[in-house]
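The values are calculated or read from the model by the stated rules, or taken from the named source; none is laboratory data. As the structure is a prediction and not an experimental result, all values here were calculated from the model. Cβ placement follows ideal geometry from the backbone for every residue including glycine, while neighbour counts extend to all protein chains displayed.
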Amino acid sequence: MNKKALIIGTGLGGLATGMRLIKHGYQVDFVEKYHQSGGRLNQLKKDGFTFDMGPSFFSMSYEFDELVKYCDTTMPFEFVELDPLYSVNFKKGGKNYLIYKDLKKLAEQFATEEPNFEQSIHKYLKRAGELFHDTEHIVIKQNFNSIAGYLVQLARVPWKHAPMMVRSIWDELNRNFDSYEVKVILSLIAFFLGATPFDTPAVYSLLSYTELQHDGYYNVKGGMYKIVEGMEKWLRERGAKFNFNTEIVDFRSSNGQITSFIDQDGASWQADVHVVNADAAWFRGAILNRKKYSPEKLDKQKWTLGPFTIYLGIDKKIPNIHHHNYFLGENFKDYAGKIFKNSMGLDKPYYYVNALSKFNAECAPEGMENLFILCPVPDLRYKPDWSDREEIAHNIIGDLSSRLDFDIESSTISKTILDPTHWQSMFNLYKGSGLGLAHDLNQIGGFRPRNIDEKFNNVYYVGASTVPGTGLPMTIISSKLVTEQILKGYGSLS
């Protein structure tokens with residue numbers, strides 16, 4: 001007889017775990033608070049425009065290859081490799097750089113600022129690559145059931161990498177490059193982790209290796225939500241059931257196991273195995289009532305940036321914008337050091353812009369453009385009041401208009417603004433933190449919330465705030481790690 005798995009949340013980690021469990025003969029049911037699958041990897045359709053709401057590109061595409069191979073299927077969506085990867089625009093001097101994976105072409109971008117760039121970047125990436133391959137299977141792709149076990153594994157990493165634990169990404173860049181522009185551009189990887197290069201350990205320089213040498217960046221043809229649609233279709237065809245607008249608010253337990261979870265209407269959801277794809281730290285506190293994860297304790301943890309997102313439908317094409325773009329101001333270090341704790345105004349913002357319609361014309365009406373703007377902002381611990389959202393959006397749109405020499409405001413026919421309060425409400429993101437727990441050294445590996453519950457032996461966790469961490473490929477790896485844990489406890493049924 002099949003065992004039943006209930007997966008709470010339909011983010012990428014939950015969907016991937018469902019696929020793996022179906023492969024092993026489990027019956028899989030999903031419950032989801034939102035009205036459709038995807039979690040942060042979601043989609044907004046409005047006024048004839050289609051927007052990727054959250055992630056708009058990804059690296060380590062081979063993790064998706066591993067997933068479909070594991071499930072004996074084919075890729076239910078089509079990758080598109082980015083080249084150039086993205087553009088970076090500096091406000092001061094109006095300098096604009098195209099970031100290529102081809103290091104010779106990339107060196108041409110910095111011929112004036114960093115004459116020895118090609119030699120320096122090869123050296124920098126060589127070290128980052130060694131770090132990646134020396135930790136990939138020892139740390140990144142490992143389950144840790146105790147801190148002691150994690151420290152034993154960590155001791156297997158070659159000691160030559162130890163200095164990277166105590167330096168920041170910015171420190172490491174200072175050791176390798178002279179140009180301010182080069183250092184800023186290469187430090188943007190920290191923002192992909194929801195942090196800044198001044199407080200992100202240098203070990204994460206390995207992301208530059210995955211970006212520029214190891215695998216590159218990818219989109220999906222038709223938009224990133226095709227990933228979710230393809231996975232959900234695969235799951236439904238194999239009997240998985242999806243229950244939307246269903247929020248888990250309570251539980252029942254007996255003899256060290258969860259016997260049922262309870263939704264907002266009082267309905268009971270029962271299964272043999274329960275996989276939580278909500279935030280692993282928040283869920284333990286808010287639903288399971290763990291004192292270790294109370295709001296007072298969680299507030300003392302380091303969390304990732306809050307997302308302030310704007311979705312614009314533009315009634316004409318914009319000539320001077322690429323698919324993926326970063327627009328940076330004039331005070332990088334000061335801004336990065338203060339914005340996350342609401343110590344700096346958002347009148348001179350730093351932000352990312354995705355023009356999905358540049359390569360997916362069907363996502364906007366003919367002759368029109370759609371823009372997704374993401375600005376990193378303080379979470380709700382530091383800025384609980386977002387009644388100024390319209391003013392902030394106006395500042396960002398005005399800045400973008402001046403830098404593109406294009407009047408965005410007068411050309412806008414559709415506009416949606418989401419601040420951290422919206423993101424918290426939609427997906428139960430703790431205090432509106434966009435990417436879950438941050439990646440400080442005391443919040444990674446064995447120090448991160450485990451993917452097996454401490455009290456109930458039939459409750460597991462997958463996603464950004466458990467191992468190995470945030471990012472699309474990391475949640476795919478997370479699904480593999482949690483599946484290994486489930487199979488140890490309950491076995492394969494096929």
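Answer yes or no: is there a residue in the stretch 153-173 that is in contact with a helix residue (DSSP H, G or I) (Cβ under 7 Å, 6 or more places away or on another chain), acidic (Asp, Glu), buried (at least 19 other Cβ atoms within 10 Å of the Cβ) and not assigned by TED's automatic domain parsing to the domain that holds Ser478. Yes, the stretch 153-173 contains a residue that is in contact with a helix residue (DSSP H, G or I) (Cβ under 7 Å, 6 or more places away or on another chain), acidic (Asp, Glu), buried (at least 19 other Cβ atoms within 10 Å of the Cβ) and not assigned by TED's automatic domain parsing to the domain that holds Ser478. As a summary of the residue check, Ala281 satisfies the conditions (1) under 28 Å from Arg381 (Cα atoms); (2) among the aliphatic types (A, V, I, L, M); (3) surrounded by fewer than 22 Cβ atoms within 10 Å (Cβ to Cβ) except for the one numbered (3).
Let's see how each residue does on (1) farther than 30 Å from Ser357 by Cβ; (2) in contact with an Asp or Glu (Cβ under 9 Å, 6 or more places away or on another chain):
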site	(1), (2)
Ser56	no, no
Glu78	no, no
Lys92	no, yes
Lys95	no, yes
Tyr100	no, yes
Ala111	yes, no
His122	yes, no
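Checked against (1) surrounded by fewer than 20 Cβ atoms within 10 Å (Cβ to Cβ); (2) in the same structural domain as Gly345 (by TED's automatic domain parsing); (3) not in a loop (DSSP other than H, G, I, E, B), Glu366 passes all but condition (3).
For every residue, the table says whether it meets (1) assigned by TED's automatic domain parsing to the domain that holds Ala281; (2) surrounded by 18 or more Cβ atoms within 10 Å (Cβ to Cβ); (3) not hydrophobic (A, V, I, L, M, F, W, C).
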position: Pro420; (1), (2), (3): no, yes, yes
position: Trp423; (1), (2), (3): no, yes, no
position: Asp453; (1), (2), (3): yes, yes, yes
position: Asn458; (1), (2), (3): yes, yes, yes
position: Thr466; (1), (2), (3): yes, yes, yes
position: Leu472; (1), (2), (3): yes, yes, no
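Of the strands (runs of 3 or more DSSP E) lying entirely inside the stretch 26-135, those containing at least 2 residues that are on the phi < 0 side of the Ramachandran plot and modelled with pLDDT under 95 are 79-81. Selection of the stretch 354-363 for residues being in contact (Cβ under 8 Å) with a residue 24 or more places away in the chain, farther than 27 Å from Leu305 by Cα and among the hydrophobic types (A, V, I, L, M, F, W, C) yields Phe359, Cys363. Once the stretch 398-413 is narrowed to residues that are buried (at least 18 other Cβ atoms within 10 Å of the Cβ) and under 15 Å from Tyr311 (Cα atoms), the residue that is farthest from the chain's Cα centre (by Cα) is Ile408.
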